[in-house]
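The next block holds one structure in the form of structure tokens; read it before the comments.
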Amino acid sequence: MDLVRIGVLGLGTVGGGTVNVLNRNAEEITRRIGCTLKVTHASVKDLSRNRICDTAGIELTTDSFAIVNHKDVDVVVELIGGDTLAKELVITAINNGKHVVTANKALIALHGTEIFALAQEKGVMVLFEAAVAGGIPIIKAIREGLSANKIEWLAGIINGTGNFILTEMRDKGRDFADVLTEAQALGYAEADPTFDVEGIDAGHKLTILAAIAFGIPLQFEQLYHEGITQISQQDVQYAEELGYRIKHLGIARKTDQGIELRVHPALIPEKRLLANVDGVLNAVVVQGDAVGPTLYYGPGAGAEPTASAVVADIIDVVRNINADPQHLIPYLSFQTPALSADPILPINQIVVPYYLRITVADNLGVLADLTNILSSQGINIEALIQKEPYTEGTEVDVIIITSKALEEKLDHSIAQIENLDTVIGTVKRIRVETLG
Ligand code: NDP
Ligand code: HSE
């Protein structure tokens, strides 16, 4: 094959970046694969919109089905997003015997099982490196580079928008909504940005990573996710005073009881590398039994960083185009019949330390009440700060870092604390991850 013809569905941030990288590095890519890659077709929603890439020589259409049904398109690159139209297009492309590359984590997390089964039946490839952590080749690293290991746990900052917001809030004291608007303008955010800030996007990514790491089915519906919208400037500052940074983490951990699969804000000791991953950068720590901890770091979103992963997948497709499909690396790293049925643990069964911020009336004996409630559940206090009252004799914030505790026990303690007459409002709880 001298020429591989590519149909790109969607020419927005990632689609535009992909065309730019393919054009700019065409010669280098041909030297690597021994043939020419050419974007012959692309679809968009609005033909009149300005593009970040040169569209000369590309047949543009608003009809994506014309591309997935086109006899002269060899590889379909799905960069529209969402899991409805994108799914229909990908399924049609596979049924037409076309290889597919996608950056769409929602599509893979929610429908990957069905898509991979069909691809296997039709003998085509579906690659999705850009779906997790943008430009970081984390899927390849786990699926291939770490395949000798039993993966024990992985933890990562896997949403660039969320990390950008938390970093700007901490470093510049900026307002949440204002930073989110900037992340959208920079092309980092999802079409629906609540996916970023509520942990849904990170949840899609963690679902994929956990499947590849532990050999379990994709099961987004079992994942626990909590967003960053409730993180206040106060929490960011108190965390710093205690030697921690607040990050939005995705954590998957294999335990004797089952698998933890959770996305939520977490306090991380500031000396940990993950605590120092800022802005739109992502990072994932993977703990393997043989290799120990390994860290993967780089841009988690944006046009060309994401295009880097998309184009690498196109190159992989071309390199394997004549391979026997039986000998390709399994999509989820493990052979499908060997996937395990390990249960996903409910969030109240995890055991971690906690940060608690409790606003109390500045009365005698309040601290004793708090510590009594916690100790009655066997929860020790590792650190405690009592702040100055907002105005004299009124309210004070008490910040506690607990020892490791079963979340169910902490839930009981919090319910009791919130019932105290001296406690004002609700208790703020953020999990602590020591990543040791
Ligand atoms: P954009 O919104 O920037 O681009 C989407 C593109 O799809 C646009 O060109 C749009 O056309 C086109 N489109 C939308 N609906 C249709 C339709 N019905 N028919 C034809 N074309 C359509 O999204 P992104 O590039 O940011 O994201 C694309 C995918 O990549 C998503 O799955 C996202 O999750 C994923 N991703 C994004 C990253 C990022 O940094 N942005 C990083 C990693 C993954 P038009 O331009 O005319 O509106
Ligand atoms: N919206 C996503 C993020 C894009 O901010 O991480 C990259 O997957």
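The values are calculated or read from the model by the stated rules, or taken from the named source; none is laboratory data. Just so it is clear, the model here is predicted, and its values are computed rather than measured. Here the Cβ positions follow ideal geometry from the backbone for every residue, glycine too, while neighbour counts run over all protein chains shown. These accessible areas exclude ligands, DNA and RNA; they are computed on the full protein's heavy atoms, side chains included. Shrake-Rupley method; radii C 1.70, N 1.55, O 1.52, S 1.80 Å.
Taking the condition at pLDDT below 95 and either open to solvent by less than 30 Å² (accessible area, probe 1.4 Å) or out of contact with any strand residue (DSSP E or B) (no Cβ under 8 Å at 6 or more places or on another chain) (or both), does Gly365 pass? Yes. Scanning segment 323-351 for residues that are free of Cβ contacts under 8 Å to residues at least 40 places away in the same chain and farther than 24 Å from Phe220 by Cβ yields Ala323, Asp324, Gln326, His327.
One line per residue, one yes/no per condition, for (1) within 30 Å of Ala290 (Cβ to Cβ); (2) within 12 Å of ligand 1 (Cβ to nearest atom):
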site	(1), (2)
Lys105	yes, yes
Ala130	yes, yes
Gly135	yes, yes
Ile139	yes, no
Ala155	yes, no
Leu166	no, no
Arg174	no, no
Ala177	no, no
Asp196	no, yes
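Considering the conditions (1) within 27 Å of the chain's Cα centre (by Cα); (2) free of Cβ contacts under 8 Å to residues at least 24 places away in the same chain; (3) under 20 Å from Val432 (Cβ atoms), Gln386 is excluded by exactly one of them, (1).
Each residue in segment 168-221 was checked for being open to solvent by 50 Å² or more (accessible area, probe 1.4 Å), within 13 Å of ligand 2 (Cβ to nearest atom), part of a helix (DSSP H, G or I) and of a type in the set (D, E, K, R), and 1 pass.
Here are the criteria: (1) surrounded by fewer than 21 Cβ atoms within 10 Å (Cβ to Cβ); (2) farther than 23 Å from Leu223 by Cα. Tell me which single one Val126 does not satisfy. With respect to (1) surrounded by fewer than 21 Cβ atoms within 10 Å (Cβ to Cβ); (2) farther than 23 Å from Leu223 by Cα, Val126 is out only on (1). Taking the criterion of being more than 16 Å from ligand 2 (Cβ to nearest atom), over 23 Å from Met125 (Cα atoms) and either at pLDDT below 95 or open to solvent by less than 40 Å² (accessible area, probe 1.4 Å) (or both), the residues of segment 284-317 that qualify are Val285, Val286, Gln287, Gly288, Gly292, Thr294.
Evaluated against (1) surrounded by fewer than 19 Cβ atoms within 10 Å (Cβ to Cβ); (2) in contact (Cβ under 8 Å) with a residue 40 or more places away in the chain, Gly145 falls short on exactly one condition, (2). Which residue is nearest to Asp201 (Cα to Cα), if the candidates are limited to segment 67-88 and must be within 11 Å of ligand 1 (Cβ to nearest atom) and without any contact (Cβ under 8 Å) to a residue 24 or more places away in the chain? Within segment 67-88, the match that is nearest to Asp201 (Cα to Cα) is Thr84.
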